[in-house]
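Engineer: Following this message is one structure expressed as structure tokens.
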Amino acid sequence: MSSSVSAFQPLTPQAVTLGLCTKTLGRSLHILDEAPSTNSVAVALAQDGAPDGTVVVADTQTSGRGRLGRPWYSPPGKNLYCSIILRRRPSPDQISRWLSWIPLLSAVAVARAIQVVSGLRPSLKWPNDVLIEQRKTGGLLCESSGTGTANGFVIVGIGLNVNMWRDAFPDTLRDLATSLAAEAGRPFDRAVLLAALLSELELRSEAFFSGSTDIRHEYELRCATIGQRVRVDTANGNCIEGQADAIGDDGSLQVVADSLQDPGTLRTPVSIRAGDVVHLRRDVNR
Ligand code: BTN
């Protein structure tokens, strides 16, 4: 990390480009003082034909969006709010695997970038919450359109609490959220972090297509959900409690439900493709 002076500098294209060692990601870079949501800006740019690897960053968001329709707290001058346009074109038989894995693969990239820049070791709460010491420091919101077609794209939206001290969080988040600065006791340069994040993401998305990575293994090593007792509110309105066992080939969370744990019952895990997970040992949800 560079000096603590640069930690509070505004994010500039020059500062980001200086540390960038990617081929594609971040080579087209839009840095905005304010956006409603960088994901919304990125979707509009992608629909207008913006190239693969285009990145939108905003210093603050007025309507930052989280998963499951939640808002994303986005004050100015402190954190990272960015959205990356990916235009990989998976073959028809790769589409579903690509769409399942892109949020998980991106979460691994974010965790790895944090580790490289700060020395902290984040874990992941399935599917893609980034935790430090069981508190949430980042989240991802992926949106896609026309995947597999010539104009298809995926937007990887990343929100990362970087230089928020604990007392700056609103009361509702203070016990559940954290930031890199709060954990490390020093601020971080957002430009350095963004450049690292883009490198890690490019590396993994390329390796995914070339088949040269076992992303499931890398994800499992980071995943704090595996081995936990969990409650899952599934997308179709069911609630399951049980033991999170593993990650499936399709990126799903495999949960052995309590109702399946009676002696004599077949312990086939339930496969969760989408939903809201609570770690029952300690609730790290926002
Ligand atoms: C979550 O709920 O954990 C996902 C949060 C994703 C927030 C980021 S901030 C940048 C991008 N723009 C948005 O509106 N959301 C994502």
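The values are calculated or read from the model by the stated rules, or taken from the named source; none is laboratory data. Quick caveat: nothing in here was measured; it's all calculated off a predicted structure. No Cβ is skipped: glycine too gets one built from the backbone with ideal geometry, and neighbour counts run over all protein chains shown. Quick note on the areas: whole protein, heavy atoms, side chains included, nothing else; ligands and nucleic acids left out. Shrake-Rupley method; radii C 1.70, N 1.55, O 1.52, S 1.80 Å.
Engineer: Classify region 126-212 from the C-alpha gyration tensor, please: rounded if a/c falls under 1.5, else prolate or oblate depending on whether a/b exceeds b/c.
Structural biologist: prolate
Engineer: With charges only on Cβ, +1 for K and R and -1 for D and E, what is the dipole size of the chain about its Cα centre, in debye, rounded to 20?
Structural biologist: It comes to approximately 240 debye.
Engineer: Something else about it: Taking only Cα atoms, what is the 0 to 90° angle, nearest 10, from helix 38-47's long axis to the longest principal axis of the chain?
Structural biologist: Computed tilt is about 80 degrees.
Engineer: For the chain, take the longest principal axis of its alpha carbons; what is the angle in degrees between that and the long axis of helix 95-118, to the nearest 10 within 0 to 90?
Structural biologist: 60 degrees
Engineer: Would you compute, for the Cα atoms of the chain, the largest minus smallest coordinate along each principal axis and list the three values in descending order, in whole Å?
Structural biologist: 63, 47, 32
Engineer: Against the longest alpha carbon principal axis of the chain, how many degrees, from 0 to 90 and to the nearest 10, is the axis of helix 190-210 turned?
Structural biologist: Around 50 degrees separate the two axes.
Engineer: Moving on. Could you derive backbone 3J(HN,Hα) for region 80-93 from the dihedral phi with the Karplus parameters 6.51, -1.76 and 1.60 (θ = phi - 60°), listing whole Hz in sequence and x where the residue is Gly or Pro?
Structural biologist: Taking θ as phi minus 60°, the curve returns 10, 10, 9, 9, 10, 8, 10, 10, 5, 10, x, 5, x, 7 Hz for region 80-93.
Engineer: Would you be so kind as to identify which of G66, L193, L104 lies farthest towards the positive end of the dipole of the chain, taking Lys and Arg as +1 and Asp and Glu as -1 on Cβ and the Cα centre as origin?
Structural biologist: It is L193.
Engineer: Pop a pseudo-label 7 angstrom from the Cα along the beta-carbon direction at both S63 and D233 and give the gap in nm to one decimal.
Structural biologist: A separation of 2.3 nm, rounded to one decimal place.
Engineer: Can you give me the distance in nm between label points at L221 and A246, each placed 7 Å from the Cα along the Cα-to-Cβ direction?
Structural biologist: Label at L221, label at A246, 1.9 nm between them.
Engineer: Using 0.36 nm per residue, how much length does the chain from F209 to T149 gain when fully extended, once their Cα-Cα distance is taken away?
Structural biologist: Separation in residues times 0.36 nm, less the Cα-Cα distance, equals 20.0 nm.
Engineer: In Å², and per residue, what accessible area does region 149-286 have when probed at 1.4 Å with the other protein chains present?
Structural biologist: For region 149-286, the solvent-accessible area averages 44 Å² per residue.
Engineer: Taking springs between alpha-carbon atoms closer than 10 angstrom, which of T60, T225, T268 fluctuates most in the Gaussian network model of the chain?
Structural biologist: T268
Engineer: OK, next. Each label point is 7 Å from the Cα along the Cα-to-Cβ direction; what then is the distance between the points at R174 and Q47, in nm?
Structural biologist: Those two pseudo-labels are separated by 4.1 nm.
Engineer: All other residues with a Cβ under 15 Å from the Cβ of A50 taken together, and with Lys, Arg as +1 and Asp, Glu as -1, what is their net charge?
Structural biologist: Charge balance near A50 sits at 0.
Engineer: Let me know the charge dipole size of region 117-254 about its Cα centre in debye, to the nearest 20, where only the beta-carbon of Lys, Arg (+1) and Asp, Glu (-1) is charged.
Structural biologist: 380 debye
Engineer: Now for a different question. Let a ≥ b ≥ c be the square roots of the eigenvalues of the Cα gyration tensor of region 1-131; is it rounded (a/c under 1.5), or, if not, prolate (a/b larger than b/c) or oblate?
Structural biologist: Verdict is rounded for region 1-131.
Engineer: Right, here's the next one. Let me have the 222 nm mean residue ellipticity of the chain computed from DSSP H runs of 4+ only, each contributing -39500 (n - 2.57), with the sum over all residues rounded to the nearest 500.
Structural biologist: After summing the helix terms and dividing by residue count, I get -8500 deg cm²/dmol.
Engineer: Quick one: give the max-minus-min coordinate of the C-alpha atoms of region 59-107 along each principal axis, largest first, in Å.
Structural biologist: 42, 20, 16
Engineer: Okay, next question. Go ahead and set up a Gaussian network model of the chain, Cα springs under 10 Å, then flag whichever of L68, L180, L25 fluctuates most.
Structural biologist: Greatest mean-square fluctuation among the candidates belongs to L68.
Engineer: Also: Carbon-plus-sulfur fraction of the accessible area of the chain, 1.4 Å probe, in percent?
Structural biologist: 50 percent
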